[in-house]
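Student: Sending over a structure as structure tokens; questions will come in a sec.
The values are calculated or read from the model by the stated rules, or taken from the named source; none is laboratory data. Predicted, not measured: the structure shown is a model, and the values here were computed from it. Every residue, glycine as well, gets a Cβ built from its backbone with ideal geometry; the counts of neighbours run over all protein chains shown. Accessible surface is based on the protein model in full, side chains and every heavy atom, while ligands, DNA and RNA are left aside. Shrake-Rupley method; radii C 1.70, N 1.55, O 1.52, S 1.80 Å.
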Amino acid sequence: SKKEIELKNIAVLCRKRSSFKELEESFLKYKIPFSIIGGQGYYQKQIIFDVHNYISFLINPQNDLALVGILRSPFFTFSDSNLFEISLCNGETFFDKLKTFSSKDIYFQRTIKILEEHISIAFKTDIPELLNKILKDTFYWSVISAKNNSEQEIANLKKLIGISSNFTEQSFKNLFDFAQYLKNAIDTIDDEGQAALINEENSVKIMTIHQSKGLEFEAVFIFNCNQPMRDPRIKSKQIAVDKNYGVLFKVPQGSYFEDYLTPPILCLYNFINYRKNLAESKRLLYVALTRAVKYLFISADLTKSIKENSFADHITSSLGVDVESEFYDFKSELEFWESKDGNEQSSIKEINFNVSITKDISIETNELITKNVDAQIDHSILLDKIKHRESTEFVSATKIVMFTQCPVKYKLTYDLGYSKFLEAINKDAPSFDFKFEQPDEDEIEVTADVKGKIIHKVLEMDLDKDNYKTELISLLENEYQFEKNIVNANSINEISQVLDKYFSSKIYDEISEYNSSRNEYEIYSLIDDFYLYGIIDKIIFDGNKIKIIDYKTDDIKVDEIKERSENYLPQLKFYSLLTSTILPNVNEIECRLIFLKHPDNFFVVRFSKEELKNFREEVKIIVNKIRSKDYASNLDHCVKCHFSDFKNNCVLK
């Protein structure tokens, strides 16, 4: 009877390591778990090239080749057409050209911001920490997570971070030294294996025949048996030195381009080495054949003739196998020794069995498994539409909060795009507040949402509280494209009043005392098969404690703070969950909601581990509902919803 063999009891044996790449691609294609034992080429993997390019650019921002390499890589995923457009811009270096080009697009501005920040901290940060920041800021982790061999790639990256940690601990070495180390490793170390996977025990083992010595597997596949053995003979224009025969080479008859003659001593040398290699090839085949306990598969590409002195040649010539037939009848006599009446006796027994020769390999269903499954399952006809299963998407705090408010609101905003439609209607709607004269240039008003963005931007930049106004005017003119002297003075005064009130508050003085903090802190974490993603206004690291600061520019009264804060609780809980997932060793996470109109009347909340654990499950339920388009109306929210009609009724009811 057929018995299922576990993957860990299967081995694929190769004559040369160069076969690993072909096998790796095939196993990935058919999604078969595998692990390469003692593989090679770790430092020649693309991720190592990518990291080396990034470090090389940070060391020398004028290194155009390194910059182009990281722009095309998963770090930033620029297209070739993007790179061509950048190359046409003004600038002495490619980085200068990129800065010029980035003024046209906010995405490219983000790239400049990331690169400049990494340049500024490159020599102030430990190498492992720098690598982690680069991989996080550029979303490199998430990009490689979407690849077919993501598990191996992630393991390789973690191995590189470990290598960088060991490198810095050994001596006082800096980023220059590590870049040079990677360069030398790429050029010279070609026998370093990839990182071992955690689940490699449940995978097919791929190894060379030499590495399999002393091991046994229930099933063994010998790969590429039509590969000929290495030719040891000295060819024309080659020179060899042997301790017994001296200097050996072929002798030209006349000029360099004419035929070469083989001296008798070279013929002897070639013959002896040929016999040695032939014996070694047969010995290696014996090692491979005897690794199998129950099942042995010998594979070879026989679309062409059998190569001389290949494994296939050894087998077919010694056994007289006709590869064109369907079976090979194996017949032999084997001597057995057994103990009988205290005496050792030998007997000769005839061995006879058929070996199948398969020329067409296809994936077949295991009949025994199919019959068992069919016997247990009642067949039914499903008429429902097959639903698409999303995965590895990014879920932000805004999405979770909005779905919590009302799933229909989420649908109108994200699925149907009604927010842009509503903005367009409001923008184009006729105004009934008629004025018969044009406003003066100095009466142009800055909208509330832009004021909020500008205030957040000033706080993000950690400007000096006494000199921030100069930067404020610059922001209005450059980032928000208001021409000089046409912004309403009231708008500037309103923004300044909010910031002045915050900068003179007790909470600002308290926050300023902390040495370790980050502004606009981007953070993401993998939960099941999706990523949680958020940008925290300010995060403070205080030993084993974390303080999350969220600024609000809402125009509210003091007595409204508590009620308004309740609306932001899901967002704060989201940030706490995200932070606790990334930093599991943190003992306490405190969230502070600061309404900048009343900074010292801030709202404080802490969530217990049990609350965050329950919220994690709530988020998973919400994501599943979003994926299945399960949008139920929350009619209690209609009073506050901008999608409701003039009677505060749900527009979809």
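Student: What is the one condition in (1) at pLDDT 80 or above; (2) within 19 Å of Ser19 (Cα to Cα); (3) open to solvent by 40 Å² or more (accessible area, probe 1.4 Å) that Ala288 does not satisfy?
Tutor: Of everything listed in (1) at pLDDT 80 or above; (2) within 19 Å of Ser19 (Cα to Cα); (3) open to solvent by 40 Å² or more (accessible area, probe 1.4 Å), Ala288 misses just condition (3).
Student: Cβ contacts < 9 Å: first residue without any contact (Cβ under 8 Å) to a residue 60 or more places away in the chain and under 25 Å from Asn9 (Cα atoms), restricted to region 290-317; second residue assigned to a loop (DSSP other than H, G, I, E, B) and open to solvent by 50 Å² or more (accessible area, probe 1.4 Å), any location; separation 6+ or different chain. Result?
Tutor: Note: pairs meeting the criteria are Thr290/Glu216.
Student: Step by step: first the residues of region 38-74, then only those that are over 30 Å from His210 (Cα atoms) and assigned to a loop (DSSP other than H, G, I, E, B), then the one that is farthest from the chain's Cα centre (by Cα). Which residue is that?
Tutor: Going through the qualifying residues, I end up with Gln62.
Student: Oh, and also: Give the residues of region 534-582 that are out of contact with any Leu (no Cβ under 8 Å at 6 or more places or on another chain) and more than 25 Å from Tyr508 (Cβ to Cβ), sorted by residue number.
Tutor: Pro570, Ile582
Student: For the condition within 19 Å of Ser56 (Cα to Cα) and outside any helix (DSSP H, G or I), what is the one hit in Lys136, Lys147, Lys173?
Tutor: Within the list Lys136, Lys147, Lys173, the selection yields Lys173.
Student: Further, regarding this structure: Identify, from the list Leu302, Leu285, the residue that is part of a loop (DSSP other than H, G, I, E, B) and under 27 Å from Lys205 (Cβ atoms).
Tutor: Sole residue among the options that is part of a loop (DSSP other than H, G, I, E, B) and under 27 Å from Lys205 (Cβ atoms): Leu302.
Student: Here is a further query. Does Lys359 meet the test of being out of contact with any Lys or Arg (no Cβ under 7 Å at 6 or more places or on another chain), basic (Lys, Arg) and part of a strand (DSSP E or B)?
Tutor: no
Student: Looking at Leu83, Leu157, which is the one that is in a helix (DSSP H, G or I) and in contact (Cβ under 8 Å) with a residue 60 or more places away in the chain?
Tutor: Leu157
Student: Then there's this: What is the number of the single condition among (1) assigned to a helix (DSSP H, G or I); (2) closer than 19 Å to Ile48 by Cβ that Ile114 does not meet?
Tutor: Among (1) assigned to a helix (DSSP H, G or I); (2) closer than 19 Å to Ile48 by Cβ, Ile114 violates only (2).
Student: Go through Glu350, Glu338, Glu364 for me and flag whichever is loosely packed, with under 10 Cβ neighbours inside 10 Å and at pLDDT 85 or above.
Tutor: Glu350 is the lone residue from the list that is loosely packed, with under 10 Cβ neighbours inside 10 Å and at pLDDT 85 or above.
Student: Tally up the residues in region 291-301 that are in contact with a helix residue (DSSP H, G or I) (Cβ under 6 Å, 6 or more places away or on another chain) and surrounded by fewer than 16 Cβ atoms within 10 Å (Cβ to Cβ), please.
Tutor: Qualifying residue count, region 291-301: 0.
Student: From the list Lys613, Lys573, Lys609, exactly one residue is under 32 Å from the mean Cα position of the chain (by Cα), charged (D, E, K, R) and crowded, with 19+ Cβ neighbours inside 10 Å. Which is it?
Tutor: Selected residue: Lys573, the only one of Lys613, Lys573, Lys609 that is under 32 Å from the mean Cα position of the chain (by Cα), charged (D, E, K, R) and crowded, with 19+ Cβ neighbours inside 10 Å.
Student: Still on this structure, I have one more. So which pairs qualify, if the first residue must be in region 511-528 and within 21 Å of Leu135 (Cβ to Cβ), the second must be outside any strand (DSSP E or B) and charged (D, E, K, R), the Cβ gap must be under 6 Å, and the two must be at least 6 apart or on different chains?
Tutor: Listed pairs, sorted by first residue: Asn519/Glu460; Glu520/Glu460.
Student: Need the failing condition index for Lys629 against (1) open to solvent by less than 50 Å² (accessible area, probe 1.4 Å); (2) out of contact with any His (no Cβ under 9 Å at 6 or more places or on another chain), just the number.
Tutor: (1)
Student: Now a separate question. Only residues that are part of a loop (DSSP other than H, G, I, E, B) and of a type outside the set (Asp, Glu): list them for region 117-133, please.
Tutor: Ala122, Phe123, Lys124, Thr125
Student: Right, next: How many residues does region 302-326 contain that are farther than 23 Å from Arg283 by Cβ and either in contact with a Leu (Cβ under 6 Å, 6 or more places away or on another chain) or surrounded by 12 or more Cβ atoms within 10 Å (Cβ to Cβ) (or both)?
Tutor: Residues meeting the conditions: 2.
Student: Determine whether region 246-259 contains at least one residue that is open to solvent by 60 Å² or more (accessible area, probe 1.4 Å), modelled with pLDDT of 80 or more and within 30 Å of His314 (Cα to Cα).
Tutor: Scanning region 246-259, I find no residue that is open to solvent by 60 Å² or more (accessible area, probe 1.4 Å), modelled with pLDDT of 80 or more and within 30 Å of His314 (Cα to Cα), so the answer is no.
Student: I would also like to ask the following. Count, please, the residues in region 75-97 that happen to be hydroxyl-bearing (Ser, Thr, Tyr) and within 20 Å of the chain's Cα centre (by Cα).
Tutor: Of the residues in region 75-97, 2 are hydroxyl-bearing (Ser, Thr, Tyr) and within 20 Å of the chain's Cα centre (by Cα).
Student: To continue, here is another question. Output the qualifying pairs, or none if there are none: Cβ atoms under 6 angstrom, residues six or more apart or on different chains, first residue in region 113-124 and among the β-branched types (Val, Ile, Thr), second residue assigned to a helix (DSSP H, G or I).
Tutor: These pairs meet every condition: Ile114/Asp137; Ile119/Leu58.
Student: Do you know which of the residues in region 9-44 that are charged (D, E, K, R) and at pLDDT 85 or above is farthest from Asn202 (Cα to Cα)?
Tutor: Arg15
Student: Say we look at region 451-502 and pick out the residues that are open to solvent by less than 60 Å² (accessible area, probe 1.4 Å) and among the β-branched types (Val, Ile, Thr); which of these is modelled with the lowest pLDDT?
Tutor: The qualifying residue modelled with the lowest pLDDT is Ile486.
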